[in-house]
6 protein chains.
Amino acid sequence: MKSARKTGRKSGKQPDRRKIGQRTLRKIHGDYGLAVLARLDEIAPEMKKWIIEFGFGEVYSRPGLNARSRQIATIAALVALGHTGDELRSHIRAGLRTGLSRSEVVELIMQMALYAGFPAAISGVKAAEATFAQLDAPCNAK
Amino acid sequence: MKSARKTGRKSGKQPDRRKIGQRTLRKIHGDYGLAVLARLDEIAPEMKKWIIEFGFGEVYSRPGLNARSRQIATIAALVALGHTGDELRSHIRAGLRTGLSRSEVVELIMQMALYAGFPAAISGVKAAEATFAQLDAPCNAK
Amino acid sequence: MKSARKTGRKSGKQPDRRKIGQRTLRKIHGDYGLAVLARLDEIAPEMKKWIIEFGFGEVYSRPGLNARSRQIATIAALVALGHTGDELRSHIRAGLRTGLSRSEVVELIMQMALYAGFPAAISGVKAAEATFAQLDAPCNAK
Amino acid sequence: MKSARKTGRKSGKQPDRRKIGQRTLRKIHGDYGLAVLARLDEIAPEMKKWIIEFGFGEVYSRPGLNARSRQIATIAALVALGHTGDELRSHIRAGLRTGLSRSEVVELIMQMALYAGFPAAISGVKAAEATFAQLDAPCNAK
Amino acid sequence: MKSARKTGRKSGKQPDRRKIGQRTLRKIHGDYGLAVLARLDEIAPEMKKWIIEFGFGEVYSRPGLNARSRQIATIAALVALGHTGDELRSHIRAGLRTGLSRSEVVELIMQMALYAGFPAAISGVKAAEATFAQLDAPCNAK
Amino acid sequence: MKSARKTGRKSGKQPDRRKIGQRTLRKIHGDYGLAVLARLDEIAPEMKKWIIEFGFGEVYSRPGLNARSRQIATIAALVALGHTGDELRSHIRAGLRTGLSRSEVVELIMQMALYAGFPAAISGVKAAEATFAQLDAPCNAK
């Protein structure tokens with residue numbers, strides 16, 4: 001498996017993290033990801049840049065773990081840490097895009113009851129339910 | 001995929017969670033898992049029972065998510081929550097037993113830097129390093 | 001104090017965790033508890049089962065600590081962990097049902113300022129205030 | 001630098017923590033601080049007293065660290081711990097009153113991405129954005 | 001409801017929080033509490049003062065909740081937050097001094113598995129085991 | 001306000017984050033910082049690269065907040081999150097290098113009692129004490 005992020009290294013230049021990041025972001029999150037990040041445009045544009053260039057251009061674009069597995073890890077962490085808002089919804093969508101079924105998403109969130117307790121897991125499955133409902137709504141921007 | 005844990009339901013009895021739990025525990029963790037749980041024997045034997053019967057007999061034995069994926073979720077959550085002791089080491093071993101490579105384990109822990117911050121991720125990779133060293137030591141109880 | 005959950009053990013059968021769990025749940029939470037759990041019916045019915053059978057059938061039904069003390073521990077933990085939504089409100093109601101006065105509930109939440117900081121404790125007392133207001137509203141399903 | 005809070009010690013009396021606390025609170029938070037604390041009047045008046053007498057009368061009134069530095073520490077901690085509601089907004093206002101610029105506030109919150117992860121930092125900058133908007137609204141009680 | 005801490009108010013003076021705090025500390029923690037706090041003498045004597053005067057003189061000395069209930073809340077919170085070192089051991093000892101049996105201590109820590117997850121609860125029961133062992137050792141400073 | 005990190009942008013190239021990162025790291029942490037990061041060399045060299053290039057090359061090298069203020073924020077966050085090991089010690093040293101006095105370090109950690117509770121603050125001041133002792137030891141690599 002060749003890594004896209006190594007492109008450009010041959011010529012001694014740093015890889016173009018922004019382009020790789022945008023491509024990885026779109027692959028994982030679709031248009032929804034950019035829409036979520038847009039809420040940073042006014043207040044902290046540099047943070048949006050970090051998420052694209054570092055988060056997606058460096059971390060998520062690494063070849064050592066497939067996209068589905070990366071989403072499992074992220075969903076698990078967000079539920080465990082209690083980040084059950086936009087972030088979790090966005091990564092649940094990304095999980096579905098990268099190969100998880102809805103029931104797998106629910107299953108892994110339920111498992112968090114063992115490690116982060118039931119209240120965290122309950123918040124997580126409620127977020128999953130809301131995300132699925134949003135996806136099923138007509139006229140939804142998937 | 002038929003679920004082993006439904007066995008016995010037809011006859012109106014509850015499934016034997018203890019047996020299913022012990023089998024799932026051994027499959028995922030090998031002998032190491034029971035050794036870790038043995039430290040509860042004196043102080044809280046009922047908690048050991050809960051972990052075997054509920055944790056492994058009910059949660060981990062569910063068929064809706066494969067064992068490798070479950071370990072990804074657990075490792076991610078433990079790192080995110082800062083539980084980098086025995087628990088994490090035990091689940092890193094379980095991850096290796098259920099199909100993760102060492103580099104995949106490190107990769108998913110590194111990804112936690114984005115969600116739980118660098119200090120948590122650094123503690124996690126150090127725990128992975130220690131676990132690998134333990135596994136490579138001669139005379140090691142794998 | 002004999003433990004109801006040992007019933008059935010003599011005949012070699014597992015105790016009926018579901019029945020014990022439902023009975024304990026109703027005793028502690030009244031009808032409100034089942035109503036709260038009903039929100040899991042669609043998305044994660046198995047998790048509702050876990051809460052009833054494991055949470056109430058195994059943990060809360062144990063005889064070693066009285067119901068009032070168990071609610072003190074739970075309210076303290078929920079406030080400390082920042083779970084100040086439905087979960088906390090439900091356990092504040094349960095605390096009142098099992099022998100805590102309103103002022104004792106507030107007192108123990110205030111004490112959390114020492115261990116989890118003032119912001120967590122403030123969120124907790126606000127949740128208590130909202131719960132009490134809900135209970136005092138006419139036509140309230142207590 | 002003489003400490004105001006030592007006043008009265010010479011005569012063997014305890015310093016008047018309430019007065020010192022109220023003065024420090026007003027200096028740091030203006031009228032907004034008292035307004036925020038007023039929400040404790042009904043449910044936990046003693047906790048309001050603790051915040052004024054202990055929090056402001058003893059901790060914040062200590063001379064060993066200037067007010068601007070104290071607000072940096074508090075904003076960082078609140079973001080890291082996920083307390084991004086009233087508490088954070090109130091301390092962002094206090095940061096601005098004690099010498100931080102808006103961009104410094106955003107900068108320090110962004111830095112939290114390294115230690116508490118991106119979701120926590122994103123919630124923090126959104127809270128800053130909302131606070132700034134509130135301050136810019138006409139008829140705002142600054 | 002008479003409050004010991006109101007003593008002195010009649011004469012217009014503030015209650016002597018230091019004396020009340022020391023008395024309450026000794027009542028709850030015995031000599032062990034002061035020994036634990038002594039480790040702050042060099043680095044942060046003012047923090048020791050806060051713990052005695054505010055923590056024990058104001059919070060723990062309030063009459064609205066009995067000492068046993070307060071220790072239940074504190075032990076629960078410390079386990080939930082992962083503070084399983086000296087702090088937890090000290091409060092487990094205090095729990096035993098104020099009326100909890102050893103099995104009640106273990107029981108309430110086990111219950112935390114539901115709210116903070118199994119790893120936190122396991123760390124808690126191990127801390128309880130270590131504390132009990134220390135108390136049972138000959139020549140132990142109880 | 002000119003930003004050093006924008007150097008090189010004019011010619012269409014990305015700034016050399018590695019060089020900027022190493023320079024910033026050395027300025028803030030001295031040789032100690034690189035020594036701490038060296039523990040990642042074997043297990044996760046890419047993570048060391050991230051810390052240098054992203055953490056120091058992008059975040060800490062931004063001009064919008066001075067180095068002393070950045071260390072206040074980081075120390076506060078690490079104490080609040082309970083990361084009181086190598087990370088905190090390293091940033092306490094960095095705080096001293098960038099203009100904080102020892103008593104200011106202790107002061108800001110003490111303040112965390114209000115937001116993260118006393119146990120977190122106590123762990124923090126103990127870490128400060130250990131760091132100061134290390135710095136005062138003869139033959140110490142400062």
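As a length-normalised measure over Cα pairs under 8 Å and 6 or more apart, the relative contact order of chain C settles at 22 percent. Between copies, the label points at A:Ala38 (set 7 angstrom from Cα along Cα-to-Cβ) are spaced 3.9, 3.9, 5.0, 6.0, 6.5 nm, reported in nanometres from shortest to longest. Here D:Pro138 yields copy-to-copy label distances, from shortest upward, of 4.2, 4.2, 7.4, 8.4, 8.5 nm, the label point defined as 7 Å from Cα along Cα to C-beta. Axis of helix D:86-97 versus longest Cα principal axis of chain D: the two differ by about 80°, to the nearest ten degrees.
Shape of segment C:60-142 from the C-alpha gyration tensor: oblate (a/c of 1.5 or more and a/b not above b/c, with a ≥ b ≥ c the square roots of its eigenvalues).
As a length-normalised measure over Cα pairs under 8 Å and 6 or more apart, the relative contact order of segment D:48-100 settles at 36 percent.
With a ≥ b ≥ c taken as the square roots of the eigenvalues of the C-alpha gyration tensor of segment B:71-111, please select rounded if a/c is under 1.5 and otherwise prolate if a/b is larger than b/c or oblate if it is not? Oblate is the answer for segment B:71-111, as a/c is 1.5 or above yet b/c matches or exceeds a/b.
One residue of chain B places its C-beta nearer than any other to the axis carrying B onto F; that residue and its whole-Å distance are B:Gly82, 4. Counting Cβ atoms of other protein chains within 10 Å of each residue's Cβ and taking the mean over peptide D:122-135 gives 3.
With K and R counted +1 and D and E -1, the other residues having a Cβ less than 10 Å from that of E:Val106 yield a net charge of -3. Please compute the net charge surrounding F:Gly85, taking Lys and Arg as +1 and Asp and Glu as -1 over other residues with Cβ under 13 Å from its Cβ. Summing Lys and Arg as +1 and Asp and Glu as -1 gives +2.
Near F:Lys49, once Lys and Arg are set to +1 and Asp and Glu to -1 for all other residues with Cβ below 12 Å from its Cβ, the sum equals 0. In the structure shown, the pairs A:Lys19/F:Lys27; B:Lys48/C:Lys19; D:Lys49/E:Lys49; A:Lys48/F:Lys49; C:Lys126/D:Lys19; E:Lys19/E:Lys126 are assessed against 28 Å; a Cα-Cα span above that value is assigned to A:Lys19/F:Lys27; E:Lys19/E:Lys126. Among the residues of E:96-106, the average count of other protein chain beta-carbon atoms within 10 Å of the residue beta-carbon is 2.
Taking Cα pairs under 8 Å and at least six residues apart, what relative contact order does segment B:81-142 come out at, in percent? RCO, segment B:81-142: 35 percent. Against chain F, whose longest principal axis is taken from its Cα atoms, helix F:67-81 shows a tilt of about 60°. Only Cα sites of the protein assembly as shown enter the Debye sum here, all with the same form factor; the resulting log10 I(q)/I(0) across q = 0.05, 0.07 1/Å is -0.27, -0.53, listed in q order. Put the Cα centre of segment F:16-92 next to the Cα centre of segment A:101-119 and the gap is 34 Å. Placing +1 on the Cβ of every Lys and Arg and -1 on the Cβ of every Asp and Glu, with nothing else charged, gives the protein assembly as shown a dipole about its Cα centre of roughly 40 debye. Of the trypsin sites (Lys or Arg not before Pro) found in segment C:22-61, those that fall in a DSSP loop while having at most 15 other beta-carbon atoms within 10 Å are C:Arg39.
Starting from the Cα gyration tensor of chain B, take the square roots of the eigenvalues, sort them a ≥ b ≥ c, and report rounded, prolate or oblate (rounded when a/c is under 1.5, otherwise prolate if a/b is larger than b/c, else oblate). Prolate shape, in that a/c is at least 1.5 and a/b is the bigger ratio. Ellipticity at 222 nm from helices only: DSSP H runs of n ≥ 4 in the protein assembly as shown, each -39500 (n - 2.57), divided by the residue count, give -19500 deg cm²/dmol. Each of F:Arg18 and D:Arg62 was given a label point 7 Å from its Cα along the Cα-to-Cβ line. The distance between the two points is 4.4 nm. Counting only alpha carbon atoms, the long axis of helix C:102-111 and the longest principal axis of chain C meet at about 80°. About its Cα centre, the dipole of chain F is roughly 1020 debye, where the only charges are +1 on Lys and Arg Cβ and -1 on Asp and Glu Cβ. Across the identical copies, the label point of E:Arg26 (7 Å from Cα in the Cβ direction) is separated from its matches by 4.0, 5.3, 5.9, 5.9, 7.4 nm, in order from shortest. Taken residue by residue and averaged, Cβ atoms of other chains lying within 10 Å of the Cβ of B:66-72 number 4.
Each value in this text was obtained by applying a stated rule to the coordinates, not by laboratory testing. Bear in mind the structure is a predicted one, so any value in this text is a computation, not a measurement. Quick reminder, even Gly has a Cβ in these numbers, built from the backbone with ideal geometry, and neighbours come from all protein chains shown.
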